[in-house]
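Read through the structure below, which is laid out as structure tokens, and then see the notes.
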Amino acid sequence: MPGKVAGKATPMINVILDIVSWVLILSGTFFVVTGAIGLVRLPDVYTRMHGAGLVDTLGAALFLAGLMVQGGFTLISVKLGLIIVLLFFTSPTSSYALANALRSQGVRARATGEDLPEEKEEEGSTSTPS
Amino acid sequence: MMFVAGTAGLAAAIILGLVRALLGPTLYDRVLAVNSIGTMTVLMIAVLGFLMGRPEFMDIALLYALINFIGTIAVLKFFRYGDMARPGGRHIAREGGGEGDADD
């Protein structure tokens, strides 16, 4: 691996980089798995979007940052950074498009408790579903 | 070893996403699950490149991130307008008297 050759001169920094990479990759995996569990278990489309957003932003960013630490100062890390930037711009855009499509098709959020009348009032005043 | 742990977690997450994509009640659940599976696949390709010692896989991961975004937008547009060739945008759809586009 080209990243490990660069840090082999001093073994101490190698150990530190390995620990940082472990922490980043494991926390990224934790967020990805948590988002996937939320994708299955949450009750509504809007709340499932919350779980998918967890996967797309923090899970992917931490995971790829851990891989960047492992990659070192090479072209691989540049490409990983490009993937991070791309995900940070495209994930909110597709999330917005999905929410816009949901709302224009008249899919209501499943509100509970005190949120329900306020939500209904807002829906009735602003939208006229066809 | 950390790559193996990351790959195992990603595989479990992809299986959970597949469960939601298979039994999602509406179309939008499936679109959301497929988008999420695509993001996890990008991560999976990246970590598999490190695991197999061939980091040239990063190009494929980058390309897959692009395709994933475009695919999600295309599927949403197709199911909203019925075909791909129709120009998007709210004002154009309202001008043409589009079907089912009378939001806000």
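Here are the numbers:
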quantity	calculated
Yes/no for A:THR29 being at pLDDT 90 or above and either touching a Phe, Trp or Tyr at 6+ places or on another chain (Cβ under 6 Å) or more than 23 Å from B:GLY24 (Cβ to Cβ) (or both)	yes
Condition met for B:GLU99 (surrounded by fewer than 18 Cβ atoms within 10 Å (Cβ to Cβ), facing another protein chain (nearest Cβ under 8 Å), more than 29 Å from A:GLY38 (Cβ to Cβ) and at pLDDT below 90)	yes
Any hit, region A:9-29, residues being under 18 Å from B:ALA33 (Cα atoms) and assigned to a helix (DSSP H, G or I)	yes
Total residues in region B:49-65, condition in contact with a Leu (Cβ under 7 Å, 6 or more places away or on another chain) and either at the interface with chain A (Cβ under 7 Å from one of its Cβ atoms) or at pLDDT 90 or above (or both)	4
Filter result (within 10 Å of chain B (Cβ to nearest Cβ), over 9 Å from the mean Cα position of the chain (by Cα) and not β-branched (Val, Ile, Thr)) within region A:37-61	A:GLY38, A:LEU39, A:ARG41, A:LEU42, A:ASP44, A:TYR46, A:ARG48, A:MET49
Restricting region A:66-76 to residues that are at pLDDT below 90 and more than 9 Å from chain B (Cβ to nearest Cβ), the residue that is farthest from B:MET44 (Cα to Cα)	A:PHE73
Pairs with Cβ under 8 Å, 6+ apart, first in region A:18-47 and among the acidic types (Asp, Glu), second surrounded by fewer than 20 Cβ atoms within 10 Å (Cβ to Cβ)	A:ASP44/A:ALA109; A:ASP44/A:ARG110
Sole exception among (1) at pLDDT below 90; (2) β-branched (Val, Ile, Thr); (3) crowded, with 19+ Cβ neighbours inside 10 Å for B:THR26, by number	(3)
Among residues of region A:80-114, those that are within 9 Å of chain B (Cβ to nearest Cβ), within 17 Å of B:TYR64 (Cα to Cα) and of a type in the set (Gly, Ala, Ser), counted	2
Count of residues meeting criterion [part of a helix (DSSP H, G or I) and within 8 Å of another protein chain (Cβ to nearest Cβ)] in region B:16-48	17
Looking only at region B:76-85, and only at residues there that are more than 10 Å from chain A (Cβ to nearest Cβ) and in contact with a helix residue (DSSP H, G or I) (Cβ under 8 Å, 6 or more places away or on another chain), the one that is surrounded by the fewest Cβ atoms within 10 Å (Cβ to Cβ)	B:MET84
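Each row is one residue, and each column tells you yes or no for (1) at pLDDT 90 or above; (2) more than 10 Å from chain B (Cβ to nearest Cβ); (3) closer than 25 Å to B:ARG54 by Cβ.
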| position | (1), (2), (3) |
| --- | --- |
| A:PRO2 | no, no, yes |
| A:PRO11 | no, yes, no |
| A:LEU64 | yes, no, yes |
| A:VAL78 | yes, no, yes |
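The values are calculated or read from the model by the stated rules, or taken from the named source; none is laboratory data. Since we're looking at a predicted model, the values are computed, not measured. Note that we place each Cβ from the backbone using ideal geometry, even for glycine, and neighbour counts take in every protein chain shown.
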